[in-house]
Amino acid sequence: MSQSELNLLHLVNLRSANVGNGALTLGAERLISEDFGTPQRFERLPWDEYSFGLKPFDREFVSLINASDGLIVGGAVALHGRSYCANAGMRFDLPLDLWGEIKKPVVFYGLSHRHWRGKTYHHADKLKAAFDVILSRDDMILGLRNDGTREWLAETLGIESDRFVIVPDPAVFVPHEDGYYPEIEHGRPNIILAFNDEDREDRYQSPERRMAVIQTLARAMENLLETSDANLILAAHYFDDNRMMADFIDACRPLVAHQRMVMVGSTRLNGCPYFYGRYRKADLVISMRVHSMSPSIGLGVPMIPLITQERMNDFLRNVGLDDMAVDAFQPDMAERLVAAAKAALNGSDKIRARFAAAKQQMRTEASAVNRQVRRVLNG
């Protein structure tokens, strides 16, 4: 390794089968590599091992940081308020008495939240104390993803600071690889439908409300398939989505399920570029989750956000695309979704142009963030 090369630890959900975690990891590394004048070597640490108790956030973890040139904490959903995050109130759960032993730079590269109204955020006092430490140090950056996390912190926990750095969702910049996708049918529109059944009790509020969304979505997709002669590809980004996918198939007429659709599954980090290569070949994506939505924008694939969480709306507002959203819980969702899908299939050039402009704006913002990151890492 040359003296000028930076050896950076990257704390990421390394073994997670949620493909969106791979998009965050690869997108962040791509952005940093493109913007830094100094070469880097990323050594990925498995955040999932720390989250599930296989390894502790302890003095040995601090020693790993101090033996490197700095730590990048990947932009995962770190702020979920679970009771087991008793040290720092977040998934980066390093005990507060060890923060002072960190001697190398630490960059939180786009932390995000997934917390529902009315739920207790456990150990909010510890989170505030950890944030106070981070914001007091010149060799640390507290970057929040551009999905309303800053506003959520102020509204929900009363935590505000003008030192927060807003990081464009790195998954917008996920790399993709071309491959052979037998589920893609040539000569007809190919539509990817990406489900989201995570946190279903909070997201959908009741089993009846969830099933109403699924049944309305089934009627909409039957209409769209029949009138556009499309091929529907059901995509699971994580295990939970398979449950919703099965309920959706049950809600469809058997002829439609057997003749007009196919399903594909999630992957770990190493399969992430291939997974999103499939997106690149689609004519339309209907997205119920963030990391089906933001990569579609980056890849320039026409996409309709089917909103199941306010965080999706917040991201769209921040990038000027909120007028494209369809609320999954509205009584007229089926009509709105079919109309939006047909308009997207017939006017894809306009959507691609809007996505290209949004991506360029986020790339400019990411470059500004990376100038700060480079200064911190270079001391």
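Worth pointing out:
- Structure remark: mean-square fluctuation, Gaussian network model of the chain, C-alpha springs under 10 Å; the largest value among Met90, Met211, Met303 belongs to Met211.
- Of the trypsin sites (Lys or Arg not before Pro) found in region 74-157, those in coil by DSSP whose Cβ has at most 11 other Cβ atoms within 10 Å are Lys103, Arg117.
- For the chain, the longest principal axis of the C-alpha atoms and the axis of helix 239-251 are separated by about 10°.
- Distance cut-off 25 Å, percentage of C-alpha pairs in region 230-379 lying past it: 35
- Net length gained if the chain between Glu185 and Ala353 were fully extended (0.36 nm per residue, minus Cα distance): 58.0 nm
- Estimated distance in nm for a label pair at Ala339 and His122, the labels positioned 7 Å out from Cα along Cα-to-Cβ: 4.5
- For region 98-246, the average shadow cast by the Cα convex hull is 13.1 nm², which is a quarter of the hull's surface.
- Each Cα pair under 8 Å and six or more residues apart adds its separation to the average, and for region 267-379 the resulting relative contact order is 22 percent.
- Residues of region 278-310 with amide N under 19 Å of the 7 Å Cα→Cβ point at Val262: 278-286
- In percent, rounded to a whole number, the relative contact order of the chain is 19, using alpha-carbon pairs under 8 Å and six or more apart.
- Separation between Cα centres of region 300-379 and region 187-262, rounded to whole Å: 21
- When the pairs Lys55/Lys104; Lys104/Lys126; Lys55/Lys359; Lys55/Lys128; Lys281/Lys342; Lys104/Lys359 are compared against a 27 Å limit on Cα-Cα distance, Lys55/Lys359; Lys104/Lys359 fall above it.
- Within a Gaussian network of the chain (alpha carbon springs, distance under 10 Å), most fluctuating of Phe52, Phe92, Phe131: Phe52
- Shown is the FRET efficiency for Glu5 and Ala129, computed with R0 = 30 Å from the Cβ-Cβ distance and rounded to the nearest 0.05: 0.30.
- Contact order for region 239-314, expressed relative to its length and based on alpha carbon pairs under 8 Å spaced 6+ residues apart, stands at 21 percent.
- Kirkwood Rh and Cα Rg combined as Rg/Rh, the chain: 0.98
- Share antiparallel - DSSP beta bridges, the chain, percent rounded to 5: 0
- Sorted largest first, the principal axis extents computed over the alpha-carbon atoms of region 13-95 equal 40, 30, 19 Å.
- Summing +1 for each Lys or Arg and -1 for each Asp or Glu among the other residues whose beta-carbon sits under 11 angstrom from that of Ile166 gives -2.
- Rg/Rh for region 65-133, where both radii come from Cα atoms and Rh is the Kirkwood radius: 0.99
- Solvent-free Debye scattering, log10 I(q)/I(0), computed from the Cα coordinates of region 1-140 at q = 0.09, 0.17, 0.21 Å⁻¹: -0.27, -0.98, -1.47
- Considering only Val285, Val174, Val262, the mean-square fluctuation computed in a Gaussian network model of the chain, springs between alpha carbons under 10 angstrom, is largest for Val262.
- Centroid-to-centroid separation of region 113-129 and region 273-289 [C-alpha atoms, Å]: 33
Throughout, read-outs are computed from the coordinates displayed, never taken from laboratory work. Quick caveat: nothing in here was measured; it's all calculated off a predicted structure. In this analysis, Cβ positions are derived from the backbone assuming ideal geometry, glycine residues included, and neighbour counts consider all displayed protein chains.
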